[in-house]
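Below you'll find the structure, written out as structure tokens, and then a few comments.
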Amino acid sequence: MIYTASPFAVGIFFAVVAAVLGISFYFGRKTTSAKGYFAAGGNIHWSVNGIAFAGDYLSAASFLGICGMIAFSGFDGFLYSIGYLAGWVVALFVVAEPLKRLGKFTFADALDSKFGSRGIRLMAAISTLVVSIFYLIPQMVGAGALVTPLLGLPHWVGVTLVGGIVIFIVTTAGMKSTTYVQFLKGALLMVFSLLLVFLVIGKGINLEPSENYHDFITLQAELTDDSVTSVSDPAYTIVGEYSKNDLRFVKLEKDGISNWWKLETETCTLTEALTIVTLTDGAVLYNGAPREEQLFFPVGSMHEITVDGEQVESVSGLNAISFLAVIQESEVVRFIADVFTSGDERVRIWYQEVTPGNEILSPGLKFHIDEGSTFADKLNFISLMLALFFGTAALPHVLIRYYTVSTPAAARKSTIVAISAIGFFYILTLYMGLGAMISGVLDVESSNMSAPLLSQSFGTLMFACISAIAFATVLGTVSGLIVASSGAVAHDFIDRFLGKKLTDHKKVIAGKFAAVGTGIIAILLGIAFKGMNVAYLVGLAFAIAASANLPSILMLLFWKKTTSKGIAASIATGIVLAVGLILLSPSMFVRYGLEASAAPLPLDNPGIISIPLSFAVLIIVSLMTGKKDQPQEEKALIS
Amino acid sequence: MDHGPTTEYHECDELLKYKQKAGLQLFFIYSGIYGIFVLLNTLFPSMMESVIFFGLNLAIVYGFGLIITAILLGLVYNNRCTRMEKRLDTGGIKTEGGKE
């Protein structure tokens, strides 16, 4: 799609960015100590911390990624919302208060509180960096996706802009400014998402999603000897045909423009599709013409609307329940992606598929767990849900927020505020995603843009506000991740592992250098991973966190025989296995330009293998090293 | 510089044990509900299409239910912990610069 920047939207965007920078300047002057820089002084009020938790956690993956996945795959996208929220239960009931009691700046403080082990420090610092970088990639991809429609700038500019601003925020004032940026953004995100949902439900459901919606044509085809020989409109000429498994595509030409259509063999009809064709000379055609011709349309509409068993043109006066009930009874037109090569053309095609509402609102459109699925498909799904459940409580940027409040009770209360705010927001994602699905706004090239494009259908003001908030969303989360990374390098690695014994001031300086380094890495990776769904990418970060960190945290809290070597070995196992399995996964093989089937393992999410193995390694190594590796206080008692 | 907490406070063993037990109880309850949801989706996906009430299917009702249950259990946990903290008069005590 071609996006044009609106001066009004640009103005609102820069106002939000200016507010964020203003907060950083204000707190920057007050932050001088390591405690202030890494833990915001440890005196943030629990209610502010709770909303900041939400602002930290509701990242690009939640707002852009989940809404996009729901818009393209229905309920399967909402499963991410459910899993992300469920993970907070582990954080609240098991991790929040004990971690607050044991730690100071980073979660490594808590892990190492009983042992004083350099091995734990090193592994925890590496784990924090790996998880943070995997989590940073989708945030940066989301930033790039946002800036294109908002400012009319290329993806890489958006990524660099976010990286630059965040490096500034973190290096000026650390956790204090990050907290208030996250608080502001969390509150704005929830208010404007609620407003957007009111608008979606209030608008009702129509067969024609908007006045400008492209009328996708259906032609009658005549088949002779299983080949298309003519179509009902004589203006079209048949110029090609391609078959792939059960799919058949026909290339038609009209007025010098040729494009691929999908053949429905049962009804002998051809339905119009969207295509991006790359020719051998490198030229790219959008629906048969250069991009500037604007023939590549936004999509997403109802096919039939059924209310109480009767088909209607539109329905209004809906509420939160009847909106879902109408979609459940009706049919939606989705656009399914495929790729093939025909002659000297590489074709990316999105063809129409009418999908019943009961399939939209139940599992199976993205995750192949319905009839015909394999054991590996089901294992993949369980693996993802396991990683989402156990990942939240092991994310370094979430864990450091327990050190910004004064007491374990405050840590608990702020977690409950976070769960309430985040849970409420995740319910809204279903309505925003479904609203985008049927409003004729979807850009098939970027599922991440679904929510901002939905807001655009309600006017420039709404689009400007939602986009600016989405951008602030990325800023807030990236700031938290970079603070976590900077703490891992300055506090865990340089101060604790290398034993440099930095002064308070030097530790802050080291943290700022680390923030700049992490920010630059994030910018480069954000450019490299352009186009991938951000919720999927965050799912991988969850899997690494759940594999590397959670077994150590849980076993330290609940198993007395845990040793420092067991913890270090478990973190190393979790990182290596999770990252290794991700690099060998079918999705990554597609990213390498290979066939998904060539991947040695059918799993896209490694959690189901790496989490239990990380636990097993911790138990085995702890049992093997138990007598030699006692906690510090026990050693003291013996001597 | 040590690696103890940023602020000092004291909680007695009885309170710590109570909170841990309450947390684990609620964690296992929620894990069970979540586990059943994942298994139903995996093993009986067609069951999730069944309309339960007000035209909403099991998938949506269960999904919303999981989110709302997490919030409710969180409130129950906080209520139990706060009552015990008040009874033992130790929760949230601070000695250095922090405020609760």
Find the relative contact order for the range B:13-88 and round it to a whole percent, using C-alpha pairs within less than 8 Å whose residues are 6+ positions apart. 40
Which one, A:Gln182, A:Val200, A:Thr171, is farthest towards the positive end of the dipole of the range A:132-283 when Lys and Arg carry +1 and Asp and Glu -1 on their Cβ? A:Thr171
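When a footprinting reagent is the concern and you count Cβ atoms within 10 Å, what order do A:His368, A:His397 take, fewest first?
Fewest-to-most ranking of A:His368, A:His397: A:His368, A:His397.
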Taking the Cα atoms only, what angle lies between the long axis of helix A:607-625 and the longest principal axis of chain A, rounded to 10 degrees? 20
Please report, in debye to the nearest 20, how large the charge dipole of the range B:13-88 is about its Cα centre when each Lys and Arg carries +1 at its beta carbon and each Asp and Glu carries -1 there. 420
Rounded to the nearest 10 degrees, the helix A:320-329 long axis (Cα) sits at an angle to the longest Cα principal axis of chain A of 50
Here the whole-number average of other chain Cβ atoms within 10 Å per Cβ of B:35-43 is 6
Work out the mean other chain Cβ neighbour count within 10 Å for the residues of B:69-80 and drop it here as an integer. 5
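Let a ≥ b ≥ c be the square roots of the eigenvalues of the Cα gyration tensor of the range A:493-631; is it rounded (a/c under 1.5), or, if not, prolate (a/b larger than b/c) or oblate?
Details: a/c = 2.91, a/b = 1.20, b/c = 2.43.
Oblate, since a/c reaches 1.5 and b/c is not below a/b.
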I'd like the FRET efficiency for A:Ser316 and A:Phe8, computed as 1/(1 + (r/R0)^6) with the beta carbon distance as r and R0 of 22 Å, rounded to 0.05. 0.15
Given Cβ charges of +1 for Lys and Arg and -1 for Asp and Glu, the option among B:Ile36, B:Leu15, B:Ser50 whose Cα lies farthest towards the positive end of the dipole of the range B:13-88 is B:Leu15
Could you state the angle between the C-alpha long axis of helix A:46-57 and the longest principal axis of the C-alpha atoms of chain A, as a value from 0 to 90 degrees rounded to the nearest 10? 50
Just going by the charge dipole of chain A, with Lys and Arg at +1 and Asp and Glu at -1 on Cβ, which of A:Pro600, A:Val617, A:Gly65 is farthest out on the positive end? A:Val617
With label points built 7 Å along Cα→Cβ from the Cα atoms of B:Asp13 and A:Ala18, find their separation and express it in nm. 6.0
Over 19 Å between Cα atoms, which of A:Lys114/A:Lys561; A:Lys203/A:Lys366; A:Lys413/B:Lys86; B:Lys17/B:Lys86 qualify? A:Lys203/A:Lys366
Extend 7 Å from the Cα of A:Thr265 along its Cα-to-C-beta direction; within the range A:326-344, residues with backbone N under 19 Å of that point are A:338-341
Extension reserve of the A:Val576-A:Leu524 stretch, reckoned as 0.36 nm per residue once the Cα distance is removed: 16.5 nm
Using mean Cβ contacts within 10 Å as the protection proxy, how do A:611-621, A:514-524 order, highest first? A:514-524, A:611-621
Compare the peptides A:253-266, A:213-226 by average per-residue count of other Cβ atoms within 10 angstrom and give them in order, highest first. A:253-266, A:213-226
For a Förster distance of 51 Å, can you work out the FRET efficiency between the beta-carbons of A:Leu594 and A:Lys254, rounded to the nearest 0.05? 0.90
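For peptide A:74-86, compute the average count of partner chain beta-carbon atoms within 10 Å of each residue's beta-carbon.
Across the residues of A:74-86, the mean count of other-chain Cβ atoms within 10 Å is 4.
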PRE reach from A:Lys560 (point 7 Å along Cα→Cβ): which of the range A:115-133 fall under 18 Å by backbone N? A:115
Debye, to nearest 20: dipole size of the protein assembly as shown, +1 on Lys, Arg Cβ, -1 on Asp, Glu Cβ: 5100
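Full extension from A:Glu222 to A:Phe513: what is 0.36 nm times the residue separation minus their Cα-Cα distance, to one decimal in nm?
Computed gain between A:Glu222 and A:Phe513 is 98.0 nm.
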Express the relative contact order of chain A as a whole percentage, based on alpha carbon pairs under 8 Å and six or more residues apart in sequence. 28
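None of the figures in this text is laboratory data; all of them are computed from the coordinates on show. In this text the structure is predicted, and so the values were computed from the model without any measurement. Here Cβ is always computed from backbone atoms with ideal geometry, including for glycine, and neighbour counts include all displayed protein chains.
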